[in-house]
Amino acid sequence: MDEAILAASNKHPKPDGKVFQYGTAGFRMKANLLDSVVFRVGLIAALRSRKLGGQTIGIMITASHNPPEDNGVKLVDPMGDMLESSWEQYSTELANAANEDLVKVYRKLEQDLRIDPATPAKAIFARDTRASGPALVKALVNALKESGTEYTDYGLLTTPQLHYLTRCTNTEGTPQSYGEVSEKGYYEKLSEAFVRAMDGKTTKGALTVDCANGVGGPKLKELLKYLPTTVDGGLQINVINDDVLNPDSLNSECGADFVKTKQRSPPSSKAASNDRCCSLDGDADRIIFYFNDPEHGFRLLDGDKIATLAATFIGDLTRAARLSDELRIGVVQTAYANGASTNYVEKTLGFPVVCTPTGVKWLHHAATKFDVGVYFEANGHGTVVFSPQALKAFYTTKPESPAQATALNTLQALSELINQTVGDALSDMLLVETILAHKVWTPREWDTTYIDLPNRLVRVEVNDRNIFKTTNAERKLVEPHGTQQQLDSLVAKFKDGRSFARASGTEDAVRVYAEAATRSEADDLARQVAALVRQEGSIHM
Ligand code: 16G
Ligand code: MG
C-alpha cells in the first residue's frame, strides 16, 4: 500500500518551497498550487475517518467568495461541523511534507494518533463550479483509492449541502437521523419545513436573489421546484447572476462579499425600490439582504440584522410557547458586529451576547452553549442551533391553548428549516422570508429596528502581519507592545468610537475596523488606526 501511495503522490507533487496552512476556511489559494494539497487532504480524511471508527468525513472543494482562479479544500467532521482544531495542524503537517517523506509522515501520524489501519475509512465529497474543480477531484480520488477509503462523489453542491449530507450519512437509521441521504432529501426537508413554518402566511412582492454566478444558482433553481409556486401564494423569486457556464463571472461584480464590502447592489440588479434583494456567496454559505430606499438609497441588511431578526422572532415564539423560562436564548457575534446591533440585542431584546474570534467554528461552538444559539458574522455567515433540550421541549410540551400550539408548531418547523450544521444561504433565505411574512414586514420595517453606527473596514498591507497578536476575541492587541494604548487614545477622541486591528486569517494583510457616531468620524478613525498599524508594521520588522 505504501508504494502505491507514494506512486500516486508522485503524480501530485508538492511545488518546491511552497508552505501551506490549514486556515480558518481550510486550504485556499491559486488553484494551480493545490494539486498536492488536495491529494494529501484525501489521506487526512482517511486517517480522520479511521480515528473515528469508520465514520464518514466530508470534503468540500471550493474557494467560496474568492476570485475564479482560486480554489480551496476543507474537511467536515461526521456531525457536519468543521474539522476539529487539533486536526488542522495534522493537515498542515502532511500538506508540507517533502514528496519523498510523505508516506513516512502519513504513517507517523497514524501511529501517534493510535489509528488502526485496518479500520474501514469512508468519505464523501463535492465541489463548487470552478473550472479547476474536476482536476482537483482526480487528485482527491487518487488519495482516497490508495488509502483504501470508500467514497461517494456528489458532484456539484453548495458547501452547506455537503455538511448536511455528511451528517445525514453518519446518522442514517439512528434516532438522531438528520434527513434522507441525498440532494433531493435536502430540498424536501427544507421545502416541507418552510411550508409548515409559513403556516399559511404569504410574502408580499418579489425577492431578487443574486447567486454570485456560483453553485448557489443551479441549486436554488432546483430547490424552487420543491417550493410552493406563486400560484398558491408561495415565494416570488427572481434569480439573477446564475451563470455557471462562464467561469470568469464567478463572484465578479456580484455576490455577498461584493455587496457587503462595496455597500452597493450588484450592477446587474434591476430590482425596484423597496424590493427585497439578497446575495449569496460563491458556495452559498453566506447571505446578505438589502434594498433600495427611495429616500435613503442603498440599505444593507447584513448578518447582524439577520441575527437580530431571528432572535426577535424565536424569542417571541418561545414566549408564546411558554418555554422562555426554561430555554436560554443567546446571540453570538464577532468584533465586526456593529455596536448598535450588540446594544439592541442586550438592551432591547434582553438576550446575552457572546463575542468570539472570527471564523465559523468559534461562533458555532459558542452557540451550542445556549438552548437557542443564534450566531452570525456581519458578513452573512450564520445559523441558529437548537440544543437537545430545546428540541425536546418543542416536540413534547403539551399545549394548553391554540396560541401555544401554533407557536410550538412553528418552533418545530424552524428546527427543521434551519441548517444545524453550518450557515446555509438557502436555508437562511427561507428563514428570513418566513419571519418577514409572519411579521408582515417590508425590508424597510426590518431595517429600522435599529440604526447601524457608520463603520469602515480598511485592509493594511504590512511586512509581517503575524506580529499583530490579539486577545479578548480579537478586540485588543497585545503585540506589538504599546500599540493598543495608542489605538485607545485615538478611539477616545471619537463619539461612540470603537476600533480594532487583527491579522487576517485568509490574506496577507491586517484588517482595521472602525465605527463612530458619524460617517466622517468613522472614516477618520479608520484612517488614523490604519496609519498606526502601518507605522507599527514598519518599525517592528
Ligand atoms: C473565513 C471564515 C469566515 C471569516 C473569514 C474572515 C469559515 C468557514 N470561514 O472565510 O467565517 O469571516 O474567513 O477572513 O470559517 P479574514 O480572517 O481574512 O478576515
Ligand atoms: Mg462561502
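Full-extension gain between THR119 and VAL478, please, as 0.36 nm times their residue separation minus the C-alpha to C-alpha distance.
Working: separation 359, 0.36 × 359 = 129.24 nm, distance 4.51 nm.
Contour length minus the Cα-Cα distance gives 124.7 nm.
Mind ranking ILE288, ILE451 by accessible surface for me, highest first, 1.4 Å probe?
Numbers: ILE288 0, ILE451 110 Å².
My answer, sorted largest first, is ILE451, ILE288.
Once amide H atoms are placed 1.01 Å from N in the peptide plane, what residues at a sequence separation of 5 or more from TYR22, or on another chain, have their amide H within under 5 Å of its amide H?
When sequence neighbours closer than 5 places are left aside, the close amide H contacts are THR92.
Whole-Hz Karplus ³J(HN,Hα) for the stretch 78-93, in order, using 6.51 cos²θ - 1.76 cosθ + 1.60 and θ = phi - 60°, x for Gly and Pro?
x, 7, x, 9, 5, 3, 4, 3, 4, 7, 4, 5, 5, 5, 4, 4
In whole Hz and in residue order, list the ³J(HN,Hα) couplings for the stretch 426-434 that follow from phi through the Karplus curve 6.51 cos²θ - 1.76 cosθ + 1.60, θ = phi - 60°; x for Gly and Pro.
5, 5, 5, 4, 5, 5, 5, 4, 4
Just to compare against my own numbers: the Cα pair-distance distribution for the stretch 233-340, 10 Å bins, whole % per bin, please.
Per 10 Å bin, starting at zero, the Cα-Cα P(r) for the stretch 233-340 comes out as 12, 35, 31, 17, 5, 0 percent.
Would you mind getting me the FRET efficiency between GLN404 and GLU222? Use the beta-carbon distance for r and R0 = 41 Å, nearest 0.05.
Details: r = 36 Å, r/R0 = 0.88.
Efficiency for this residue pair is about 0.70.
Roughly how many nanometres apart are two label points built 7 Å out from the Cα toward the Cβ at ASN274 and ILE539?
Result for the modelled spin labels: 5.5 nm.
List the lysines whose Cα sits under 20 Å from the Cα of LYS347, skipping any in the same chain fewer than 8 residues away.
LYS305, LYS495
Once amide H atoms are built 1.01 Å from N in the peptide plane, which residues 5 or more positions from VAL354, or in another chain, come under 5 Å H to H?
Counting only residues 5 or more places away or on other chains, the set is VAL331, VAL332, GLN333.
So which lysines pass the test for LYS138, namely a Cα distance under 27 Å, with those fewer than 8 places away in the same chain ruled out?
The qualifying lysines are LYS11, LYS14, LYS18, LYS30, LYS51, LYS74, LYS104, LYS108, LYS122, LYS184, LYS219.
Using a/c under 1.5 as the rounded threshold, could you call the stretch 341-380 rounded, prolate or oblate? The axes a ≥ b ≥ c are square roots of the C-alpha gyration tensor eigenvalues, and prolate needs a/b larger than b/c, oblate otherwise.
Oblate is the answer for the stretch 341-380, as a/c is 1.5 or above yet b/c matches or exceeds a/b.
So what is Rg over Rh here for the stretch 433-535, counting just Cα atoms and using Kirkwood for Rh?
Values: Rg = 16.8 Å, Rh = 15.0 Å.
Using Cα coordinates only, the ratio equals 1.12.
So between ASP325 and GLU150, what do we pick up on full extension, going 0.36 nm a residue minus the alpha carbon distance?
Computed gain between ASP325 and GLU150 is 58.3 nm.
Suppose each label sits 7 Å from its Cα in the direction of the beta carbon; what would the ARG196-GLU84 distance come out to in nanometres?
Reported label-point gap for ARG196 and GLU84 is 3.3 nm.
Using 7 Å Cα-to-Cβ label points, what is the ARG527/GLU253 separation (nm, one decimal)?
Going by the 7 Å Cα→Cβ label model, 3.0 nm.
Express in whole angstrom the spacing between the alpha-carbon centres of the stretch 276-350 and the stretch 214-228.
24
Do you know the relative contact order of the chain, to the nearest whole percent, from alpha carbon pairs under 8 angstrom that are 6+ apart? All intermediate terms of the calculation are to be shown ahead of the outcome.
Numbers: 1143 pairs, mean separation 64.7, N = 541.
Relative CO of the chain lands at 12 percent.
As a test of reading the structure, rank ARG28, ARG264, ARG322 by solvent-accessible area (1.4 Å probe, protein chains only), most first.
Numbers: ARG28 60, ARG264 105, ARG322 130 Å².
Highest to lowest solvent-accessible surface, that is ARG322, ARG264, ARG28.
Going from the alpha-carbon gyration tensor of the stretch 41-154, what semi-axes, largest first and in whole Å, does one get by taking the root of 5 times each eigenvalue?
Over the Cα atoms of the stretch 41-154, the ellipsoid semi-axes are 22, 16, 13 Å.
Taking 0.36 nm per intervening residue step and subtracting the Cα-Cα distance, what contour gain separates ASN238 from LYS108 on full extension? Numbers along the way, then the final one.
Details: separation 130, 0.36 × 130 = 46.80 nm, distance 5.30 nm.
Stretched fully, the ASN238-LYS108 segment lengthens by 41.5 nm.
What shape does the chain take by its C-alpha gyration tensor, where a ≥ b ≥ c are the square roots of the eigenvalues and a/c under 1.5 counts as rounded, a/b above b/c as prolate, and the rest as oblate?
Values: a/c = 1.59, a/b = 1.16, b/c = 1.37.
Note, shape of the chain comes out oblate.
Once R0 is set to 25 Å, what does the formula 1/(1 + (r/R0)^6) return for the Cβ-Cβ distance between ASP2 and ALA131, expressed as a FRET efficiency to the nearest 0.05? Show your work: numbers first, answer last.
Values: r = 34 Å, r/R0 = 1.34.
The pair ASP2/ALA131 has a calculated efficiency of 0.15.
May I ask you to derive the FRET efficiency for LYS262 and ALA492 from their Cβ-Cβ distance with R0 = 25 Å, giving the value to the nearest 0.05? Mind dumping the intermediate values first?
Numbers: r = 31 Å, r/R0 = 1.22.
Using R0 = 25 Å, I get an efficiency of 0.25.
Under the classification rounded if a/c is under 1.5, otherwise prolate if a/b is larger than b/c and oblate if not, where does the stretch 285-429 fall, given a ≥ b ≥ c as square roots of the Cα gyration tensor eigenvalues? Kindly include the intermediate steps, with their values, before the conclusion.
Working: a/c = 1.77, a/b = 1.49, b/c = 1.19.
Prolate shape, in that a/c is at least 1.5 and a/b is the bigger ratio.
Determine the order of HIS481, HIS65 by accessible area, beginning with the largest, at a probe radius of 1.4 Å.
Details: HIS481 165, HIS65 50 Å².
Reading off the accessible areas and sorting them downward yields HIS481, HIS65.
The values are calculated or read from the model by the stated rules, or taken from the named source; none is laboratory data. Here the structure is a predicted model, which means the values were calculated and not measured. Note: ideal-geometry Cβ built from the backbone for every residue, glycine included; neighbour counts use all protein chains shown. Surface areas here come from the heavy atoms of the whole protein model, side chains and all, with no ligands, DNA or RNA. Shrake-Rupley method; radii C 1.70, N 1.55, O 1.52, S 1.80 Å.
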